[in-house]
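This report concerns only the one structure given below.
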Amino acid sequence: MDALLGDLRYAIRGLRRTPAFTVSAVLALALGIGATTAIFSVVHAALLRSLGWTAEARLLAVRVSYPGHGLYDIGCSLPEYQDVRAMPFVEAAGVHQSGTSALQGSEVAERVQSANASSTFFEALGVVPLYGRIFTASEDLQGNDGVALVGESAWRKRYGADPALIGRSITIDGAPRTVVGILPGSFRYGNVEDFYIPFGFTPTQLNETRTNHGFDVVLRLRPGISLEQARAQIATLSIGIRAAHPESYSGPAGWRFSLAPLRQQLLGKTREPLLLLFGAVVLVLLIACGNVANLLLARAAARGRELAVRAALGAGRGRIVQQLLTESVLLAVIGAALGVAAAHWGLEALLSTAPESIRGAQVRIDRTVLGFAAAAAMGTALVFGLLPALRASRSDLVHPLKTTPHHRLGAALVAAQVALSIVLLASAGLLLRSFAQVLQAPAGFESEGVLAATVSLAGPAYDDHDDARIRYFTEAIKAVSALPGVDSVGAVDVLPSTGSNDRSYEIESYQPRPGEPQPENQFHATGKGYFQTLRIPLLNGRDFADSDDARAAEVAVVNQAWVRRYFPGRDPLGQRLRLFVGKSHIGGWRTVIGVVGDVRELGVDKPAPASFFLPLAQLSPPQMSLVVRAPAAIGPRVQEVLARLDASQPVDRIAPLREVTDASLAQRRFPLQLLGAFAGLALFLSALGIYGVTSYSVSQRTREIALRMAVGATEQRVLRMVLGSALRTAGIGASIGIAAALFFARILSSMLFGVSAADPLTYLSVVALFGLIALAASALPALRASRTNPMTALRAE
């Protein structure tokens, strides 16, 4: 212990005597460890932290697919849930559906995150409430469903963590509900949900159409049942259901169940970009380690005589290595402390651009993250400190007293840095090119200058009251249209790029192929003025009019993709379609009165689906989004108008449509921004490494350069010699980096749009950029070498 304390005191004195070296090394480590710690905190919160479930290894998500229609991993219908729940390998199964609700009871109603859940949902997940209880089986049914569960976060923020909330009544969507339990803050299923209410099933609902796939189903396997066994049994169940219900599942669609580990299903879209970013930031840390290793090599070379003297006085190699590693550990600890502080400071900025699924994961610097930072500090100390320590502790006592060894190891480290930087630059370049392709893809509508206000009507005044819903939205459109500065107003049930809305229907004059089911495409309820407001072109026929109300003949508008799918080369006007649920039709035949341009409704990186549109007054959906072409400052006025119509129905969201649609790109933008930042940091550190090694090489070759110039070498020749050596090192690293980037680019292929993983323009641009950086980093030491005065240098020697 005394020797260790002595080494520590000696290391502190040594680092204080060389402030430039200390600051450079600590800064490089702080950047590397700080970035790694920040990303690990996100990975830990989103992918590794407990979600408050019990027996997680036995929890599975149940999904269905229609491979023939290109539909995979969609939700289940309630009858399908009942089928799965009855299987012998299932210990418990529950159903869940996310949404929002109006929290009422105060002067101003508020829109909150909520979910419907069955009692068996919490049973399957093994959730134990913090206070109170979960739902009972009887409360799943209509008439007994006047209860609610509150999440711990909402309980603390809204109700002051008052345990007496249990048993009190709160008003959700116009209905009083008794709070029966507080869910623990550790519990999470998808997005953070503040309130849970029962479904209030009716016997009809539990046995309704099998084509309403809007429910998340989870199950817990019985002990001893493997995932492979469960998949085999559910495949048999799929075959049996198709045979028993040919009207719902026949044809080439190939309906079937699928099972996946629940955590994997919920975090699947988040997992890949986060692991990519974590891998990228580890490369940045390795590059930082390479920089510090080079600094230590140069420092050890400068201390060669000192270390040789210590060895001559009896210090063994192990003792010298211990001393040098103590300095490395001290540097890593200081760097880690600064890095954790930087990670804590920058975490909010990092999360500001993250998708909602990551922002809701309660990311923080906790004990686990601090433990990771400590482990990273010790690991990096070994990575960047061991080789320089072993090299400096060689047993050759005479050579160090004569001269300083050539820094070949430093050049090798720089080549490795360059290779890692090329991998990061190429990955960032591919994502950037892909994102540019996404932005250039025509969306089919104009969101600039449009405000979107979403309202979900719920409560006794609107539930099962079509006329009330139609009246509210019709009056809302008229009232907002009357505001000064408003050019036009429309409405749609689902905004472009924010989700899908499939519906089964039949087309009167379209004959499906033998065994092919009736069409199932995107459909939307729209108010008059929607196409005009978003400037979706009307290509044929007419738009909806005020006269297209509940008393008029039923009509529809279709898009170009719909025409190409069902009536290529033919006039679709006058064709008729009819909605249905199971075997029951909804309304009568609807006549196609117009054709509009295609809109990329599922996201700008996905092709426009075949879609049809119905007038609001003939459909009465519970949720609509008003789209208002007007200055963004009109938002508060729109909110006031809607509050005057019905103060009990809060607006879900008012925001520029550009922000709403841009949110669909968050899954692409987030990894691009961070990977770009990491690539820039790697480029900076690699440039410093090239500069440092070139400068050190020049300082060690001063006598050689002086002799060359004394016998006739020109400044240009010396300049080419130094630059050539630096660029050769960079070239070797770049060659290795390009090969590695091409190999690892396959991981990115699923995240690319319109760009190949082997895109030549990206790789050529990366090499050209790095060539310029390497040239700039080595130019200053090369110029200094070319201006060496031979007489002065040789006299100094």
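Scanning region 756-777 for residues that are surrounded by 13 or more Cβ atoms within 10 Å (Cβ to Cβ) and part of a helix (DSSP H, G or I) yields Thr762, Tyr763, Ser765, Val766, Val767, Leu769, Phe770, Gly771, Ile773, Ala774, Leu775, Ala777.
The residue list Arg63, Arg85 contains one member that is open to solvent by 50 Å² or more (accessible area, probe 1.4 Å), basic (Lys, Arg) and either touching a strand residue (DSSP E or B) at 6+ places or on another chain (Cβ under 9 Å) or in contact (Cβ under 8 Å) with a residue 24 or more places away in the chain (or both), which is Arg85. Taken together, the residues in region 83-109 that are under 19 Å from Leu125 (Cβ atoms) and assigned to a helix (DSSP H, G or I) amount to 2.
Among the conditions (1) open to solvent by 20 Å² or more (accessible area, probe 1.4 Å); (2) under 30 Å from Gly385 (Cβ atoms); (3) of a type in the set (A, V, I, L, M), Ala28 misses just one, which is (1).
Residue-by-condition table, conditions (1) open to solvent by 60 Å² or more (accessible area, probe 1.4 Å); (2) part of a loop (DSSP other than H, G, I, E, B); (3) touching a residue at least 24 places away in the same chain (Cβ under 8 Å):
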{"site": "Ile477", "(1), (2), (3)": "no, no, yes"}
{"site": "Ala491", "(1), (2), (3)": "no, no, yes"}
{"site": "Tyr505", "(1), (2), (3)": "no, no, yes"}
{"site": "Asn521", "(1), (2), (3)": "no, no, yes"}
{"site": "Ile536", "(1), (2), (3)": "no, yes, yes"}
{"site": "Leu539", "(1), (2), (3)": "yes, no, yes"}
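Against the condition among the hydroxyl-bearing types (Ser, Thr, Tyr) and in a helix (DSSP H, G or I), how does Ser24 come out, does it pass? It is true that Ser24 is among the hydroxyl-bearing types (Ser, Thr, Tyr) and in a helix (DSSP H, G or I).
Between Phe744, Phe753, the distinction of being in a helix (DSSP H, G or I), of a type in the set (Phe, Trp, Tyr) and open to solvent by 20 Å² or more (accessible area, probe 1.4 Å) belongs to Phe744 only.
The criterion of at least 3 residues that are touching a residue at least 12 places away in the same chain (Cβ under 8 Å) and of a type in the set (A, V, I, L, M, F, W, C) is met, among helices (runs of 4 or more DSSP H) falling completely within region 146-252, by 227-244. Here Gly724, Gly680, Gly692 are screened, and the one residue that is under 30 Å from Val26 (Cα atoms), of a type in the set (Gly, Ala, Ser) and at pLDDT 80 or above is Gly680. Within region 453-475, being part of a loop (DSSP other than H, G, I, E, B) and not aliphatic (A, V, I, L, M) holds for Gly459, Pro460, Tyr462, Asp463, Asp464, His465. Would you say Leu331 is open to solvent by less than 20 Å² (accessible area, probe 1.4 Å), modelled with pLDDT of 85 or more and under 30 Å from Leu665 (Cα atoms)? Considered against the rule, which asks whether it is open to solvent by less than 20 Å² (accessible area, probe 1.4 Å), modelled with pLDDT of 85 or more and under 30 Å from Leu665 (Cα atoms), Leu331 comes out as no. Among residues of region 108-136 that are touching a residue at least 24 places away in the same chain (Cβ under 8 Å), those with a Cβ under 7 angstrom from a residue that is among the basic types (Lys, Arg), sequence gap 6+ or separate chain, pair up as Ala124/Arg220.
Taking region 26-39 as the range and being among the hydrophobic types (A, V, I, L, M, F, W, C) and touching a Ser or Thr at 6+ places or on another chain (Cβ under 9 Å) as the test, the residues that pass are Leu29, Ile33. For region 537-562, the set of residues classified as among the small types (Gly, Ala, Ser) and over 24 Å from Glu520 (Cβ atoms) consists of Ala545, Ser547, Ala550, Ala552, Ala553, listed by residue number.
Only residues that are open to solvent by less than 30 Å² (accessible area, probe 1.4 Å) and touching a helix residue (DSSP H, G or I) at 6+ places or on another chain (Cβ under 9 Å) were counted across region 91-105, and they come to 6. Scanning region 253-296 for residues that are assigned to a helix (DSSP H, G or I) and of a type in the set (Gly, Ala, Ser) yields Gly268, Gly279, Ala280, Ala288, Gly290, Ala293. Only residues that are in contact with a Ser or Thr (Cβ under 9 Å, 6 or more places away or on another chain), open to solvent by 40 Å² or more (accessible area, probe 1.4 Å) and in a loop (DSSP other than H, G, I, E, B) were counted across region 339-364, and they come to 2. Looking across region 778-787, the residues that are farther than 9 Å from Leu723 by Cβ and surrounded by fewer than 22 Cβ atoms within 10 Å (Cβ to Cβ) come down to Leu780, Leu783, Arg784, Ser786, Arg787. I'd like the full set of residues that are free of Cβ contacts under 8 Å to residues at least 24 places away in the same chain and surrounded by 21 or more Cβ atoms within 10 Å (Cβ to Cβ), limited to region 583-605. Correct list: empty.
The values are calculated or read from the model by the stated rules, or taken from the named source; none is laboratory data. A quick note: this is a predicted structure, and the numbers were derived from the prediction, not measured. All Cβ positions, glycine included, derive from the backbone under ideal geometry; neighbour counts span all protein chains shown. Note: accessible area is taken over every heavy atom of the protein model, side chains too, but ligands, DNA and RNA are not part of it. Shrake-Rupley method; radii C 1.70, N 1.55, O 1.52, S 1.80 Å.
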